[in-house]
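Undergrad: What follows is a single structure, and I will ask about it in a moment.
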Amino acid sequence: MTAADSQHRDDELPAALGGAALFPGDPPTWPLRDDDIKAALDAAWADGSWGRYHGPHTERLAAELSALHGVSQTLLCASGTIGVEIALRGLKVGPGDEVILAAYDFGGNFRAIEAVGAHPVLVDIEADTWCLDAAGVEAALSGSTRAVIVSHLHGTLADMAAIADLAQRRGVAIVEDACQVPGASVGGKPVGALADVSVHSFGGSKLLSAGRGGAVLTDRADVMQRMKVFCQRGNDAFPLSELQALVLTPQLAKLDERNQTRAQRVARLTAALEDLSALRPATAKPHRGIPTYYKLPWFYDAQSCHGLPREALLAAVRAEGVALDSGFRGFAKRPASVCRKPAPLPNSRRAAERTVLLHHPVLLESAAMIDRVALAIRRVVENADRLLPKRGVDL
């Protein structure tokens, strides 16, 4: 073997096996360094508006969010997490009530149900997405069901048409968790339009980011009034500040353009990896709407990857400089003392065990960068047998 051949083979090795990392620096940072945000901050510093309790920036943001989502009223709040609890209280959900949610979901949604004194009811997700299964919702309904929390997760959209039809027929309210999908559309309408209340997040990693923050949107005046009463404790107990609001409005103006870029990059990356049986993407359901991508998911099949544990795969991909992580833990293992499980939850259990997620910042990079991400993932998968712990590689 020549020296050139040896060098070529070393270059093809994953970084976890001694090869050169494809992205030797850190993954792309978020939020972006945006000149329009800096200009907004400079203007607020100059006029002092950043330090007000209430002012033009929160008013403008609330109006723009209402217009974007096609609703009449927006309540800004401290986070999407508290937003779900605020929404439930606005719907008069409380002790003795049941609230349905997916057994694979963000942990804060389970806690919000408990916080209002209601009882969580777990329903499985679909086999080919990360979203609540509509048929499971219908089977789980009881005389105590007051609301359903529907989350759109990991670039997949729930079957809102079916769930909304069911909820209307049975007199059950819908809280739509749209925290991962700003700018998405469902059934030809902006996300949230088919729900009684929708919840949005502006956390530090979100597509619209103010470090912290959230919003609750509704067309129901009675719900908005109850939410406001709950939040007022002499002042707003769960506020979004003027400073947070002013950095969000420039991002709203660029949301559609950035979402289109993300969708193009997702299509390119998915196509580049479609032959890898170890990574299965969601089944496309374009009839449901147009998603947006906070996380790009795959189901990981370790058996198609020489039995390489998921955490070992993730560690090896991260060694390349690619931000790949696991999904939610979900609630399928929670005891019957804290929730009701009307049916088995095999899809939610599988999602908790097998989901891998690519963080969104890289999806705004060049097509060439996406090709390198694909190469980083591919060379880890194709060297999985050499990455097994029994072969002496400590990940």
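Undergrad: Do you know which residues across the stretch 167-191 are of a type in the set (A, V, I, L, M, F, W, C), surrounded by fewer than 23 Cβ atoms within 10 Å (Cβ to Cβ) and within 15 Å of Leu208 (Cα to Cα)?
TA: Answer for the stretch 167-191, where residues must be of a type in the set (A, V, I, L, M, F, W, C), surrounded by fewer than 23 Cβ atoms within 10 Å (Cβ to Cβ) and within 15 Å of Leu208 (Cα to Cα): just Ala184.
Undergrad: Continuing with the same structure: Quick one: which strands (runs of 3 or more DSSP E) sit completely within the stretch 289-384 and have at least 2 residues that are closer than 30 Å to Glu114 by Cα and touching a His at 6+ places or on another chain (Cβ under 8 Å)? Outline the logic, then answer.
TA: Working: elements: 295-300, 324-326, 355-359.
Answer list for the stretch 289-384: 295-300, 355-359.
Undergrad: When the stretch 132-147 is examined, which residues are found to be touching a helix residue (DSSP H, G or I) at 6+ places or on another chain (Cβ under 9 Å) and without any contact (Cβ under 8 Å) to a residue 60 or more places away in the chain?
TA: Once the filter is applied, which keeps residues that are touching a helix residue (DSSP H, G or I) at 6+ places or on another chain (Cβ under 9 Å) and without any contact (Cβ under 8 Å) to a residue 60 or more places away in the chain, the stretch 132-147 yields Leu132, Ala134, Ala135, Val137, Glu138, Leu141, Thr145, Arg146, Ala147.
Undergrad: Something else now. Six or more apart or on different chains, Cβ under 6 Å: which pairs go from a residue in the stretch 352-366 that's within 14 Å of Ala263 (Cα to Cα) to one that's modelled with pLDDT under 95? Could you list them?
TA: Correct list of pairs: Pro361/Pro28; Val362/Pro28.
Undergrad: On to the next question. Does Leu240 count as open to solvent by less than 20 Å² (accessible area, probe 1.4 Å), within 25 Å of Ala44 (Cα to Cα) and modelled with pLDDT of 95 or more?
TA: On the way: open to solvent by less than 20 Å² (accessible area, probe 1.4 Å): yes; within 25 Å of Ala44 (Cα to Cα): yes; modelled with pLDDT of 95 or more: yes.
Spelling it out, Leu240 is indeed open to solvent by less than 20 Å² (accessible area, probe 1.4 Å), within 25 Å of Ala44 (Cα to Cα) and modelled with pLDDT of 95 or more.
Undergrad: Considering only residues that are assigned to a helix (DSSP H, G or I) and over 11 Å from Leu246 (Cα atoms), which ones fall in the stretch 46-61? Outline the logic, then answer.
TA: First, pick out the residues of the stretch 46-61 that are assigned to a helix (DSSP H, G or I): 46-47, 49-51, 56-61.
Answer for the stretch 46-61, where residues must be assigned to a helix (DSSP H, G or I) and over 11 Å from Leu246 (Cα atoms): Ala46, Asp47, Gly51.
Undergrad: Quick check: is even one residue across the stretch 70-84 at pLDDT below 95, among the small types (Gly, Ala, Ser) and under 25 Å from Gln244 (Cβ atoms)?
TA: Within the stretch 70-84 (the criterion being at pLDDT below 95, among the small types (Gly, Ala, Ser) and under 25 Å from Gln244 (Cβ atoms)), the answer is yes, since at least one residue qualifies.
Undergrad: Something else now. Does Ser49 meet the test of being among the hydroxyl-bearing types (Ser, Thr, Tyr) and over 16 Å from His200 (Cβ atoms)?
TA: Numbers: among the hydroxyl-bearing types (Ser, Thr, Tyr): yes; over 16 Å from His200 (Cβ atoms): yes.
Judged against the criteria, Ser49 is a match.
Undergrad: Additional query: In the stretch 146-227, which strands (runs of 3 or more DSSP E) lie fully inside it and hold 3 or more residues that are within 22 Å of Asp97 (Cα to Cα)?
TA: Details: elements: 173-177, 197-201, 214-218.
Where strands (runs of 3 or more DSSP E) fall fully within the stretch 146-227 and carry at least 3 residues being within 22 Å of Asp97 (Cα to Cα), they are 173-177, 197-201.
Undergrad: I'm told Leu101 meets every condition in (1) in a strand (DSSP E or B); (2) without any contact (Cβ under 8 Å) to a residue 12 or more places away in the chain except one. Can you identify the failing condition by its number?
TA: In the conditions (1) in a strand (DSSP E or B); (2) without any contact (Cβ under 8 Å) to a residue 12 or more places away in the chain, Leu101 misses (2) alone.
Undergrad: Right, here's the next one. Being open to solvent by less than 30 Å² (accessible area, probe 1.4 Å) and closer than 20 Å to Leu217 by Cβ is the filter here, so list the residues in the stretch 41-61 that pass it.
TA: Here is the first cut: in the stretch 41-61, the ones open to solvent by less than 30 Å² (accessible area, probe 1.4 Å) are 44, 49, 55, 58, 61.
Passing the criteria: Thr58, Leu61.
The values are calculated or read from the model by the stated rules, or taken from the named source; none is laboratory data. These figures come from a predicted structure and were not determined experimentally. Please note: Cβ atoms are built from the backbone with ideal geometry, for glycine as well, and neighbour counts cover all protein chains shown. These area figures cover heavy atoms from the full protein model, side chains too; ligands, DNA and RNA do not enter into them. Shrake-Rupley method; radii C 1.70, N 1.55, O 1.52, S 1.80 Å.
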